[in-house]
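The values are calculated or read from the model by the stated rules, or taken from the named source; none is laboratory data. Everything numeric in this text was worked out from a predicted model, so none of it was measured. Heads up, the Cβs are rebuilt from the backbone with ideal geometry, glycines too, and the neighbour counts pull from every protein chain shown. In case anyone asks, the SASA skips ligands and DNA or RNA and just uses the protein heavy atoms, side chains included. Shrake-Rupley method; radii C 1.70, N 1.55, O 1.52, S 1.80 Å.
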Amino acid sequence: MTARDGRLGVGVVGAGRVGPVLGAALAAAGHALVGVSASTDDERDRVESMLPGVPMLEVPQLVERSELVILAVPDDQLVELVAGLAALGAWQAGQLVLHTSARYGTAVLDPARAAGAIPLAVHPALAFTGTSIDLVRLRDAWCAVTAPGPVLPIAQALVVEMGAEPVVIAEDDRPAYAEAIAAASTFSTAIVDQSVDALRAIGVEQPGRVLGGVVRSAVENALQSAVVDSIDR
């Protein structure tokens, strides 16, 4: 953070559904977007929609210019990306490096940490659309935060600035956390798809709208029961 105002120059690596949304949320909190990397036409269109006017840069250039680097890339790309940037000497001492993977804690960022960067793992527990709708949904979302003790408050503060709530997840518990998130997402998607197909088969023209109320209320009831159970314990 700068000494004057506590604002960060933020670079976003990855323009899938997550990165541009988090960039937009941090920009709304007053941080400066240095740039974003985009490799496909869809990603470039998303950047133009979510982050108009923000430069699209190559990854090494983006990392060089940023005080906070957000790595919003698929899990299977993260390890190679961090190590590759380390081999190029791109990471900088004192630089914040945040990845958005549910599966990994901060150990995956060890090559950056070896260069003096500060590792943060922040996963928003949200099914992203990659649109401005997500900025509203972030206000009701939680983010799993993993970071070394001395810098944990920085990660938590960034989550709050994005509009969400932080929940601390230990490094060793990240795989279990990721499994829980994947189970909830996959299960709900599969059940909705099955129900939509069943309604279409009997001639219902807009099954998504028909199911909307029952799905939302059923999920809310289940979550409320989980809250009550946790209080009773």
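In the context of the full set of protein chains, residues of segment 1-114 present 45 Å² of accessible surface per residue (probe radius 1.4 Å, heavy atoms only). In segment 97-233, what percentage of the DSSP-assigned beta bridges are antiparallel, given to the nearest 5? Of the beta bridges lying entirely in segment 97-233, close to 35 percent run antiparallel. Remark: segment 84-98, residue by residue, has Karplus-estimated 3J(HN,Hα) of x, 5, 5, 5, 7, x, 7, 6, 10, 4, x, 6, 8, 10, 10 Hz, where x stands for each Gly or Pro and the curve is 6.51 cos²θ - 1.76 cosθ + 1.60 at θ = phi - 60°. For Ser101, the residues whose modelled amide H falls within less than 5 Å of its own, excluding neighbours fewer than 5 places apart on the same chain, are Val122. Looking only at Val34, Val54, Val122, which one moves most when the chain is put into a Gaussian network model with springs between Cα atoms under 10 Å? Highest fluctuation among the options: Val54.
Of the DSSP beta bridges with both residues in segment 47-147, give the percent that are antiparallel, rounding to the nearest 5. Spell out each step's value before the answer.
Numbers: 4 of 12 bridges.
Taking every DSSP beta bridge within segment 47-147, about 35 percent pair in antiparallel fashion.
Close amide H contacts of Ile118 (hydrogens built in the peptide plane, cut-off under 5 Å, sequence separation of 5 or more or a different chain): Gly94, Gln95, Leu96, Val97. When log10 I(q)/I(0) by the Debye sum over Cα atoms at q = 0.11 Å⁻¹ is computed from the coordinates, the matching label among [x] -0.67; [y] -0.61; [z] -0.55 is [y]. Amide hydrogen proximity for Cys143: with H placed 1.01 Å from N in the peptide plane, the residues at 5 or more positions away or on another chain lying under 5 Å are Ala125, Glu165, Val167.
Per-atom-type breakdown for the chain gives carbon and sulfur 56% of the accessible area (1.4 Å probe, protein chains only).
Want the number for Leu199 to Trp142: 0.36 nm per residue separation, take away the alpha-carbon distance, what's left? It would help to have the intermediate numbers written out before the result.
Details: separation 57, 0.36 × 57 = 20.52 nm, distance 3.29 nm.
Stretched fully, the Leu199-Trp142 segment lengthens by 17.2 nm.
Taken one residue at a time, the phi angles of segment 10-27 give Karplus couplings (6.51, -1.76, 1.60, θ = phi - 60°) of 10, x, 10, 9, x, 10, x, 6, 8, x, x, 5, 5, x, 5, 5, 5, 5 Hz. Gly and Pro are set to x. 3J(HN,Hα) couplings calculated from phi for segment 204-217 with the Karplus curve 6.51 cos²θ - 1.76 cosθ + 1.60 (θ = phi - 60°) are, in sequence order, 6, 7, 10, x, x, 5, 4, 7, x, x, 5, 5, 4, 5 Hz; Gly and Pro show x. What is the antiparallel percent of DSSP beta bridges lying wholly in the chain, to the nearest 5? Antiparallel bridges: around 15 percent, rounded to the nearest 5.
Annotation note: trypsin sites (Lys or Arg not before Pro) in segment 1-80 located in DSSP loop regions with a Cβ neighbour count of at most 12 within 10 Å are Arg4. A Gaussian network model of the chain, with springs between Cα atoms under 10 Å, assigns the largest mean-square fluctuation among Val204, Val21, Val13 to Val204. For GluC sites (Glu not before Pro), the sites in segment 140-233 that DSSP calls loop and that have at most 12 other Cβ atoms within 10 Å are Glu205. Between segment 155-207 and segment 74-90, what's the alpha-carbon centroid distance in Å? Value for the Cα centre distance between the two parts: 27 Å.
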